[in-house]
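Worksheet: the structure to be examined is printed underneath.
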(Lines give C-alpha, C1' and ligand atoms only; values in the text may rest on other atoms or scores of the structure.)
Protein backbone atom coordinates (compact mmCIF):
# COMPACT_ATOMS: atom_id res chain seq x y z
CA UNK A 1 0.00 0.00 0.00
CA UNK A 2 1.32 3.46 -0.90
CA UNK A 3 0.82 6.30 1.53
CA UNK A 4 0.21 9.94 0.77
CA UNK A 5 2.36 11.77 3.30
CA UNK A 6 4.10 15.11 3.44
CA UNK A 7 6.84 14.10 5.89
CA UNK A 8 9.17 11.12 5.78
CA UNK A 9 8.82 8.83 8.79
CA UNK A 10 11.48 8.52 11.46
CA UNK A 11 14.01 5.89 10.41
CA UNK A 12 14.06 6.97 6.77
CA UNK A 13 17.55 7.14 5.25
CA UNK A 14 18.16 9.97 2.81
CA UNK A 15 20.81 11.81 0.87
CA UNK A 16 20.95 15.59 0.62
CA UNK A 17 21.79 17.73 -2.40
CA UNK A 18 25.56 18.28 -2.66
CA UNK A 19 26.29 16.01 0.34
CA UNK A 20 27.79 12.52 0.04
CA UNK A 21 26.64 11.37 3.51
CA UNK A 22 23.64 9.16 4.15
CA UNK A 23 21.48 10.46 6.97
CA UNK A 24 18.80 8.81 9.11
CA UNK A 25 15.78 10.91 10.06
CA UNK A 26 15.29 11.00 13.85
CA UNK A 27 12.84 13.88 14.22
CA UNK A 28 10.57 16.33 12.44
CA UNK A 29 9.69 19.99 12.83
CA UNK A 30 12.69 21.05 14.94
CA UNK A 31 13.60 24.62 15.76
CA UNK A 32 17.01 25.80 14.57
CA UNK A 33 18.43 28.26 17.10
CA UNK A 34 21.20 29.13 14.66
CA UNK A 35 18.80 30.41 11.98
CA UNK A 36 15.69 31.02 14.12
CA UNK A 37 13.53 28.85 11.84
CA UNK A 38 11.74 25.53 12.06
CA UNK A 39 13.32 22.84 9.88
CA UNK A 40 11.35 19.90 8.50
CA UNK A 41 13.79 17.24 9.71
CA UNK A 42 16.57 16.37 12.14
CA UNK A 43 18.97 13.56 11.23
CA UNK A 44 22.13 11.78 12.26
CA UNK A 45 24.82 10.13 10.18
CA UNK A 46 23.99 6.66 8.87
CA UNK A 47 25.02 3.95 9.70
CA UNK A 48 26.72 5.32 12.84
CA UNK A 49 23.66 6.98 14.32
CA UNK A 50 23.83 9.08 17.48
CA UNK A 51 27.19 8.34 19.10
CA UNK A 52 28.17 11.44 21.10
CA UNK A 53 26.18 13.79 23.33
CA UNK A 54 28.17 16.71 21.87
CA UNK A 55 27.12 15.78 18.34
CA UNK A 56 24.85 18.28 16.60
CA UNK A 57 21.85 17.08 14.66
CA UNK A 58 21.74 17.82 10.96
CA UNK A 59 18.66 19.98 10.29
CA UNK A 60 17.19 20.31 6.81
CA UNK A 61 13.98 20.77 4.82
CA UNK A 62 12.09 18.60 2.32
CA UNK A 63 13.53 20.61 -0.56
CA UNK A 64 17.09 19.66 0.47
CA UNK A 65 16.51 15.92 -0.04
CA UNK A 66 18.03 14.51 -3.22
CA UNK A 67 17.27 10.80 -2.70
CA UNK A 68 15.44 8.49 -0.30
CA UNK A 69 17.41 5.28 0.23
CA UNK A 70 15.02 3.78 2.77
CA UNK A 71 11.48 4.77 3.71
CA UNK A 72 10.80 4.36 7.46
CA UNK A 73 7.99 2.41 9.13
CA UNK A 74 4.44 3.73 8.64
CA UNK A 75 1.33 2.75 10.56
CA UNK A 76 -1.88 4.51 11.60
CA UNK A 77 -0.12 6.51 14.35
CA UNK A 78 2.47 7.75 11.86
CA UNK A 79 -0.27 8.77 9.42
CA UNK A 80 -2.06 10.71 12.19
CA UNK A 81 1.16 12.49 13.20
CA UNK A 82 1.81 13.43 9.57
CA UNK A 83 -1.70 14.89 9.39
CA UNK A 84 -1.16 16.90 12.58
CA UNK A 85 2.24 18.21 11.44
CA UNK A 86 0.81 19.24 8.08
CA UNK A 87 -2.15 20.91 9.78
CA UNK A 88 0.11 22.81 12.21
CA UNK A 89 2.34 23.96 9.36
CA UNK A 90 -0.61 25.32 7.40
CA UNK A 91 -1.71 27.36 10.45
CA UNK A 92 1.65 29.14 10.76
CA UNK A 93 1.46 30.54 7.20
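The values are calculated or read from the model by the stated rules, or taken from the named source; none is laboratory data. Everything numeric in this text was worked out from a predicted model, so none of it was measured. Virtual Cβ from ideal backbone geometry, glycine too; neighbours counted across all protein chains shown.
Could you please find all residues in the stretch 22-44 being surrounded by 13 or more Cβ atoms within 10 Å (Cβ to Cβ) and more than 16 Å from residue 72 (Cβ to Cβ)?
Once the filter is applied, which keeps residues that are surrounded by 13 or more Cβ atoms within 10 Å (Cβ to Cβ) and more than 16 Å from residue 72 (Cβ to Cβ), the stretch 22-44 yields 30, 32, 38, 39.
Just to be sure I understand, how many residues within the stretch 63-77 are loosely packed, with under 12 Cβ neighbours inside 10 Å and either touching a residue at least 40 places away in the same chain (Cβ under 8 Å) or in a helix (DSSP H, G or I) (or both)?
The number of residues fulfilling the criteria is 6.
Would you please list the contacts, defined by Cβ atoms under 7 Å and residues six or more apart or on different chains, that run from a residue in the stretch 43-59 that is under 11 Å from residue 13 (Cα atoms) to a residue that is in a loop (DSSP other than H, G, I, E, B)?
The qualifying pairs are 43/57; 44/50; 44/57; 45/21.
Sort out which residues of the stretch 3-16 are modelled with pLDDT under 95, surrounded by fewer than 17 Cβ atoms within 10 Å (Cβ to Cβ) and either under 10 Å from residue 74 (Cβ atoms) or touching a strand residue (DSSP E or B) at 6+ places or on another chain (Cβ under 7 Å) (or both), and write them in order of number.
If the condition is that a residue be modelled with pLDDT under 95, surrounded by fewer than 17 Cβ atoms within 10 Å (Cβ to Cβ) and either under 10 Å from residue 74 (Cβ atoms) or touching a strand residue (DSSP E or B) at 6+ places or on another chain (Cβ under 7 Å) (or both), then 3, 5 are the ones that fit.
Starting from residues that are assigned to a loop (DSSP other than H, G, I, E, B) and touching a strand residue (DSSP E or B) at 6+ places or on another chain (Cβ under 6 Å), keep the ones in the stretch 45-62 and report whichever is surrounded by the most Cβ atoms within 10 Å (Cβ to Cβ).
This residue is 57.
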